[in-house]
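Take a look at the structure set out below.
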Amino acid sequence: MNERRLNMFFQELKDLKTKYNIPEDTIEKLDTWLAYLRANQRKYILPEFFAREYGIPHQVVRELFYYATNVGVLEINYEVHCPFCDDMADLEIHDSKNIPNDKIQCECGKEYNPSLFHEKIIISFNLVKTPSKSDRIKYLKE
């Protein structure tokens with residue numbers, strides 16, 4: 001078994017190789033991409049932006065982001081949008097079980113039941129770990 005030096009901002013991401021068989025180059029891209037997000041870009045991250053930038057299929061990136069939630073780097077959001085005006089409800093939902101089953105009122109004045117409008121629930125992610133320059137050099141065992 002030999003060791004390969006992997007420059008990482010998020011040490012936890014190295015687990016994606018062993019747990020989910022994610023290629024090292026993909027892990028490095030995600031690590032760097034997340035680390036260089038500006039502070040105001042670290043909430044409500046859409047995986048499609050990463051997919052487009054690196055030419056990786058959306059479904060692969062969505063799974064990669066889900067895996068990153070399992071190692072504590074990202075947190076999932078369920079963004080509830082009004083079916084009438086498309087405004088995002090002021091709700092913090094990180095588990096699909098917590099999507100309201102009752103009517104809520106939007107700022108536009110209309111009431112709706114979010115659980116009846118699945119197409120208006122957007123999945124995004126928050127970066128919950130701060131990139132660390134001290135974590136930058138880590139090793140992966142091959």
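Please treat every number below as a calculation from the coordinates, not as lab data. Note that the coordinates shown come from a computational prediction; the quantities given were computed from them, not determined experimentally. Glycine also receives a Cβ, built like all others from the backbone with ideal geometry; neighbour counts cover every protein chain displayed.
Per-structure values
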quantity	calculated
Count of residues meeting criterion [part of a loop (DSSP other than H, G, I, E, B) and exposed (fewer than 11 other Cβ atoms within 10 Å of the Cβ)] in region 109-128	1
Tally, over region 52-108, of residues that are of a type in the set (A, V, I, L, M) and under 30 Å from residue 17 (Cα atoms)	10
